[in-house]
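Below is one structure, written out as structure tokens; comments come after it.
Laboratory data are not the source of any read-out in this text; all were calculated from the coordinates shown. What you see is a predicted model; the values in this text were computed from it and never measured. Here the Cβ positions follow ideal geometry from the backbone for every residue, glycine too, while neighbour counts run over all protein chains shown.
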Amino acid sequence: MHKIRSFLYSLLLLALFGTSAFAQSRRVNGRVTMEGSNEPLASASISVAGTTLGTYTDEQGRFTLTVPAGPATLRIRRIGYTQRNIEVPAGTSEVAASLTRDVLQLETQVVTGTATTVSSVNAANSVTVISTENLNRVPTQTLDNALQGKVPGATITQNSGAPGGGTQIQLRGVSSINASFGPLYVIDGVIVDNSSIANGITAITQSARSNFPSAQDQRVNRSADINPNDIENIQILKGPSASSIYGSRGTNGVIIITTKQGRAGKTTLDISQRFGTAAISNKLGLRCFGSAAEVQAEVDAGHIDAATGVDEFNAATNKCHDYEQEFYGENPFNYQTIASVRGASNAGTTFFVSGLVQHDGGLVRNDFYNKQSLRANLGQQFGTRLTLRANTELIHSLTQRGVSGNDNTGINPYTTFSGTPSFIELRRNADGSFPKNPSTFVGNNNPFQNAEVIKTPENVYRLIGSASGQYSLLARERQSLDFSLRGGVDSYSFQAKVISPATAFIEQVNALPGTIVNSQANVLSANLGGSLTHRMITNAFTATTSAGFGQSRRNSDVVANTGRGVFPGVTNVSAATQIFTTEGQGINKFFSLFAQEEFLTLGERLFLTAGVNAERSSNNGDAKKMYAYPKFSASYRVPFIPTRIDELKLRLAYGRAGNQPQGGKYTFLSTLIEEGVSGFRASTVKGFPEIKPETASEIEGGLDLTSFGGRLRLSATQFRKQIDNLILQASIAPSTGFTSQSINGGQIVTHGTELELGMTPIQMERFSWVSNTTYASNKGKVTRLPVPPFIPISGSFGSRFGNAFVQQGQLITVLQAINGCKALSSTGSCASANRILAFVGNSAPDYQMGFSNDFTFGPIRLASLVDWRKGGLGINLTNAYFDGGLGADTAVGNARSNSFRAGNAAYVEPSGFVKLRELTVGFELPAGLTSGMFNGRAQSARIELSGRNLATWTKYTGLDPEVSNFGNQPLGRFQDVTPYPPSRLFYLTINTTF
Amino acid sequence: MKRYSTIALAVVLIAAGCKDNPITNPIDAPTVDALSGGLTRISLQQLATGVTAQDRAAFGSLAYLVLPAIYARDVYRIDASEPRFVSETLGGNPDPGSFAGGGGFTDFFVAIRSANTILLALEKPDATQFSAAEANAARGFFRTMKALDYYRLIELRDTVGIPIQTDDPSAVTDIRCKTAVLSFIAALLDSANADFSAAGGSTALPFTLPTGFTGFGRDYNQVSNLVRFNRGLKGKVNFYRGLDRTAPQPALFQTAINELTQALGAGPGAVPASQLPVGPYYRFVPGGSEDFKNPRSDSKIGLNPLLRDSVQAGDTRGAKIVSRSTLTGGGLSTTITLAGAVPTAANEALPIPIMKDEELVLLRAQAEIEAGQLAAATADINTVRTANGLAPHPVFTSKTAAINAVLYEKRFSLLFEGAQRLVDLRAYGRLNSNFFRRELPTDPFNAAMPIPRGELNARGLTTNPACTA
């Protein structure tokens, strides 16, 4: 560390005493336009090749630049356009250039370090870049959904159809069992929290048989708060070879979000109004009883309650209710209003201010997701040396997701429907009251009443803000030294209530009817980072040296109070007869130092990077020890290539990242109570004071090829990721007074392939077709396991149905279940001693493909995205509910439950699917028409009709192959228990730019 | 100037980053590290409660309280959903991986670790918190509790042996044979007694024990009474060391007699009937956040039907046996149960003695029989008999008759109160088909539990290792 410090000081000294002077120079004026249209391009960057000299174009696309004497090459770039080099002979002082659109993203700038980027032409890693256009093609409830099908190597799965999010992103397979398993989100340099907090609905569903919030509460991960419309682009570092710069938070990959900034040029006002609706996209189908005899048979078989027997059947006017349609048939009126102002002042101020008001209704009456967001991104230039920026986003969301997922009280609508024959009327009576469900099998529960009387509001207030400054310490012709400092805060407060009044039938079976849960969380993440970047440009090479520090902390406090025996109408938990309280707190701190060298040479063909990030964290056993995360990479643009191939780049990158332990360091004292006096003794879980981060090393190699004059781009990547020092729970000899301990040990090795093929098969003035196809596959294997094989601690319903299992030599995503019987009994059942425990297959998909096609016919645009997941397994426990006689197809249901009884894994199903994720048709109003609108102030206007998740093709018999009863979990997320059904979303968008 | 201030700021920030204290202490719960800062009276109270509560948890487990009583053929537990209470006791061997073979182990070692942790923290007691006498009293108490838990462990494991914990929490030590373990326990009790001597009899513990230790005729917060508890347990240990079947030490019978006399404060025939139930007890608290019910209060429990026939006419202890609805399963059947096992609110809270004077009187009688002091033995046996409504025996002339008599008294005085009967049957070599019927055709006459699977796994073993002397 001392060495790094002295290095930093010497860089500072260099900056202080460096003199600045230009040799002979001249001025060059120019104008940059868009190819084909002659429209001026503002904010394009102009630089003199081989120097640090540069400037930007103004509103009219014009620039003036001081250029060294003699011939020079000007490099002209702008985000979204292909770079262009213009030769300026010694005597020329006026130039004109036009740029073409970079539809295949051949030349975006990709992240290489905390403070540095490189053009994707030279990048040594496969970094997926998603532009705002690609991201927001079809409106979405949350950001994660908008990424589905667009990122090769990312498995993005939505946990339930309930409004308001809950989506898991896994990059390049499973990379941890007991440490954190989701990617890191970074917005404008601020590390953003993506934790999931339970609302405590377990108190009424008893899914975890507990009074306290649990993993089965259908939680939402908080990346849902981010407003996708504010995003300029997203870069996805998929593995440690690229994410090494994020040290011990980089193992699971990093999602780097850059929001829109103001830019020079005419101030634009952009307003989009969206209207939409949703409809249930898949139903299970419920049984219709044809005769009283059929009803009697099921009563006799014990499948339905005698209280819902022949008398009720005969008395029913409607003998077959489609409960799914009646209950989930709400077609909500959804809307999003998005407005933004973007521009710059002559005084060097840039601004981007945006607002969002969003309402998404659920399929059930009274379920909804409301979100409002307000963003202000400001930048200010002081002279030529100092730039300051402040970005803030204030978000509020209010969600009511109703009741879904596992339950043990009969409260879940699908549980109720699986125990109530469809001739029972459950809908609201004419007088406003609700009929009591006669079925005691489901606790007399009436979901229609619950939807009216049970409230589950979840309020989130969130502030994400950052301030940054960049100061040019040195700006000479061939070198520059910049200092930048950035601080950010992400703070949110989560307030959830579950109010289940004593008037609900479901409460009346309780000893203390009337339940309230009040859970509150406050989470604060703050980080500060500073860096020095030195760039030296010679004719032979460009060398970029950067070094700096990063510091962050996270404080969290989650409190939940559950009250039982509350009077109807009361929402104060202290009024309860019995109160249960729980609290969890956490503080962690983190500090890192980094240094990196990037070297571009051989006529910009060879790009070499070496860097190291040294870091310590309070989560580690030794909080003062710095752990090093090195990386090396090289890319080479091959000079000798066949004709028709424009560009061929070979790349190889190695990097190491870590995953901090989430606990396990300390031996806590456990509370024991004797005769009402509380005492403490050491917990039987022993602390491991030496606990250290899991380490992930990845080697990634590949090639990028451009052909047909930039009309085709192929990117192929192969990687090997090795996770070592896995944090595991080891059993220890109980005679020591302890039974288990977290240890470091074990290894997972993942191999994978990712391909991206971008094409513009047609590119004419009035007609174009842009196509993007992605392919990704990966398989992770447990190659070392120093503890006995185990079922991971993340939720499952046991091997009778199927669970994840960690065993050396097996895939980490293997699914284990009882499948087979040594000897069947005379009645066709399998005694527990005879059941055969087996590995039934791989729960993860074999491969995933995304097909995106975008057609433009003059003003009309048609775009589609198809997401294909081949292979994979899910466990459809929902079927187990309905196989008791109330499924639509009783023959299939009976066959399945008989097979299950015979010891087969009858509820394990293939979960591969093809989904039409996005479809949109847009129409650009002709300029003539637009100019007639809003007094001619409108620049352009567009109307779009779009849909999300419009169609699904799958063999999976459940509602949706994506669901996860336990929400996000590293392993075994495939449990389908009476989920909230998925919906199709439809939107009409009117977008106007002024 | 601006440039200098920016750089100065940068340097300050980087330096501040390096200086920032990286350690965050957990704030949700205390850790064992909290003890290294020294004990206060409040923390010692909490830790002491931790030890007594854990000891109660270990005692009150089905594995300690119920399984030995089944092995001793006094009790059945018949539960269709848990057939192993029969199949791994009277119907077959216990599986070291199940609760039946693996129980009654971890909980005691956790209690011992808790006591060891406090003993370490007490090595340098804060003089402003505790007087030297109080610190000695506390040490004596925790050593005595450790001895009690080791004794319970060896009651269950017998000749299989058990490991002895050291201060190093990661040390996995050899499995020591019963003879060595008993001698270790005896030494531990003596060192505790030395602590008590150093403290002085009039000293009180620097914390308050649960009311089970104070509400049954003697206040064990007083060192003088803790000495009686300590000596009682020592006498018990020494008696069984004397009777040890692999390495008998007859010289210890007289030592045991002396220690038990010290514990009882009266010689043979001189212990008043009113003193017999005196001793430390476990109290149970059903409901609330504590919710610890007396585990005997259980509808699945019955008594061996032979028990009713064994009760002598006029024995007031016969009231402990009551009729119940027929309990059948696994080849066993009974229509009687312990009065205290009927699931009622009162029984859920019924206390159980840790060691009452009645047991000590009978232990002294056992030691006297072995020491050839049959008159004294008869006097002690008769103390218990007359207190329970029976006529006194004339002085025994036969050792065997005296043993039979004392075993009858112990069986009904201590019925379903721990592993005493199992220990006696083993010690006298009676746990076999010469003395008892086979309860089931496959009855293996289980005498001890194996080393649990978890312990074997951690040692890389699959079967019980030979114990070391």
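Here is how the numbers come out for the structure above:
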| item | result |
| --- | --- |
| Cross-link table A:LYS283/A:LYS319; A:LYS266/A:LYS371; A:LYS631/A:LYS915, entries beyond 26 Å C-alpha to C-alpha | A:LYS266/A:LYS371; A:LYS631/A:LYS915 |
| Span from the region A:82-98 Cα centroid across to the region A:469-493 one, whole angstrom | 30 |
| Ranked packing of A:569-575, A:596-602, most packed first, by mean Cβ within 10 Å | A:596-602, A:569-575 |
| Burial ordering of A:SER45, A:SER546, fewest other beta-carbon atoms within 10 Å first | A:SER45, A:SER546 |
| Cross-link partners of A:LYS779 among lysines (Cα-Cα below 19 Å; sequence separation of 8 or more within a chain) | A:LYS238, A:LYS721, A:LYS870 |
| Within region A:843-875, backbone nitrogen closer than 16 Å to the virtual label 7 Å beyond the Cα of A:PHE767 toward Cβ | A:854-862 |
| Peptides A:664-671, A:162-169 ordered by average Cβ neighbours within 10 Å, highest first | A:162-169, A:664-671 |
| Positive minus negative residues near B:LEU362 (Lys, Arg vs Asp, Glu; Cβ under 9 Å) | -2 |
| Dipole of the protein assembly as shown, positive end: most advanced residue of A:GLN807, A:GLN381, A:LEU474 [Cβ charges, Cα centre] | A:LEU474 |
| Signed unit charges on C-beta, dipole axis of the protein assembly as shown, positive-most listed residue A:THR155, A:ASN391, A:GLY972 | A:ASN391 |
| Residue order, fewest to most surrounding Cβ atoms within 10 angstrom, among A:TYR847, A:TYR629 | A:TYR847, A:TYR629 |
| Stretch gain in nm, segment A:ALA730-A:ASP311, where the contour uses 0.36 nm per residue and the Cα spacing is subtracted | 145.0 nm |
| Rg and Dmax of region A:296-385, Cα atoms only, in Å | 28.6, 87 |
| Sorted by Cβ neighbour density within 10 Å, fewest at the top, the residues B:GLU290, B:GLU368 | B:GLU290, B:GLU368 |
| Separation in nanometres of the label points that stand 7 Å from Cα toward Cβ, at A:SER678 and A:ALA293 | 6.5 |
| Neighbour net charge for A:GLU962 - beta-carbon separation under 15 angstrom, K R +1, D E -1 | +3 |
| Karplus-derived HN-Hα couplings along region A:789-794 (A = 6.51, B = -1.76, C = 1.60, θ = phi - 60°), whole Hz, x at Gly and Pro | x, 8, 8, x, 5, 4 |
| Shielding score for B:106-114, defined as the mean number of other chain Cβ atoms within 10 Å | 6 |
| Candidates per GluC sites (Glu not before Pro) in region B:83-176, loop by DSSP, up to 11 other Cβ within 10 Å | B:GLU123 |
| Helical contribution to [θ] at 222 nm, DSSP H n ≥ 4, -39,500 (n - 2.57), averaged over the protein assembly as shown, rounded to 500 | -6000 deg cm²/dmol |
| Sequence-distant lysines (8 or more away, or on other chains) whose Cα lies within less than 22 Å of A:LYS665 | A:LYS589, A:LYS624, A:LYS625, A:LYS686, A:LYS692 |
| At least 18 Å along the helix axis (C-alpha) and Kyte average at least 0.5, DSSP helices within chain A | A:2-17 |
| For chain A: relative contact order, % (alpha-carbon pairs under 8 angstrom, 6 or more apart) | 12 |
| Cα-based reach from B:LYS356 at 19 Å (exclusive), listing lysines while leaving out same-chain residues under 8 positions away | B:LYS146, B:LYS234, B:LYS236, B:LYS320, B:LYS410 |
| Principal axis dimensions, largest first and in whole angstrom, of chain A by Cα | 101, 76, 58 |
| Magnitude of the charge dipole, region B:154-292, Cβ model with Lys/Arg +1 and Asp/Glu -1, debye to 20 | 460 |
| Selection from A:ALA502, A:ASN429, A:GLY70, by position along the positive dipole direction of the protein assembly as shown (Cβ) | A:GLY70 |
| Per-residue average of Cβ from other chains inside 10 Å of A:579-590 | 2 |
| Residue mean of other protein chain beta carbons inside 10 Å, B:451-463 | 3 |
